[in-house]
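In what follows, a single structure is set out as structure tokens and then discussed.
The values are calculated or read from the model by the stated rules, or taken from the named source; none is laboratory data. Small disclaimer: the values here were computed from a predicted structure and weren't measured. All Cβ positions, glycine included, derive from the backbone under ideal geometry; neighbour counts span all protein chains shown.
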């Protein structure tokens, strides 16, 4: 999709990367940033940071989140896993990447009708093992994981099973899929 900025037509690509917890979205996003020049638009969350490598969000307390919401700072918010997430208002760049969840895909596509939705998943047992390894026990709910996989596959342009591909291969597949349609 193109847009005109200062009289110059630019090409913008915006990807909504979805999938259940533990699928590998953050890992793939990091590779897309480092190797393919994508910019991750971070979400704001009240979830505690998992450690110094957990950098895909802006971590705030409930009061700060409420103040941001009250000042209309978000394009949208969602309450999930007993925490709040908000997507700050932003202008997409040439290659913008968002980490989303299936429940907000409709909002994403309403705002960015030419956006790409790409789903990453894995067998539920593998997701449970990954979530256990990172102490995300609150997200280990087999039925909810399976439901999100099914929902995500129905919403996405393409789905990729992270048990069958390395994160580098997934990033390459994502970049190729998007570039082939632009």
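Numbers for the structure displayed
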| quantity | calculated |
| --- | --- |
| Any chance residue 77 is part of a strand (DSSP E or B), touching a residue at least 60 places away in the same chain (Cβ under 8 Å) and more than 19 Å from residue 160 (Cα to Cα) | no |
| Region 140-166: number of residues that are in a helix (DSSP H, G or I), surrounded by fewer than 18 Cβ atoms within 10 Å (Cβ to Cβ) and touching a helix residue (DSSP H, G or I) at 6+ places or on another chain (Cβ under 7 Å) | 3 |
| Search result, residues across region 1-50 that are surrounded by fewer than 17 Cβ atoms within 10 Å (Cβ to Cβ) and modelled with pLDDT under 80 | 1, 2, 3, 4, 5, 6, 7, 8, 9, 10, 11 |
| Residue count, region 89-100 (criterion: touching a strand residue (DSSP E or B) at 6+ places or on another chain (Cβ under 6 Å) and surrounded by fewer than 21 Cβ atoms within 10 Å (Cβ to Cβ)) | 5 |
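Quick grid of which residues meet (1) modelled with pLDDT under 95; (2) surrounded by fewer than 16 Cβ atoms within 10 Å (Cβ to Cβ); (3) in the same structural domain as residue 27 (by TED's automatic domain parsing); (4) not in a helix (DSSP H, G or I):
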position	(1), (2), (3), (4)
107	yes, no, yes, no
120	no, no, yes, yes
125	no, yes, yes, no
135	yes, yes, yes, yes
138	yes, yes, yes, no
171	no, no, yes, no
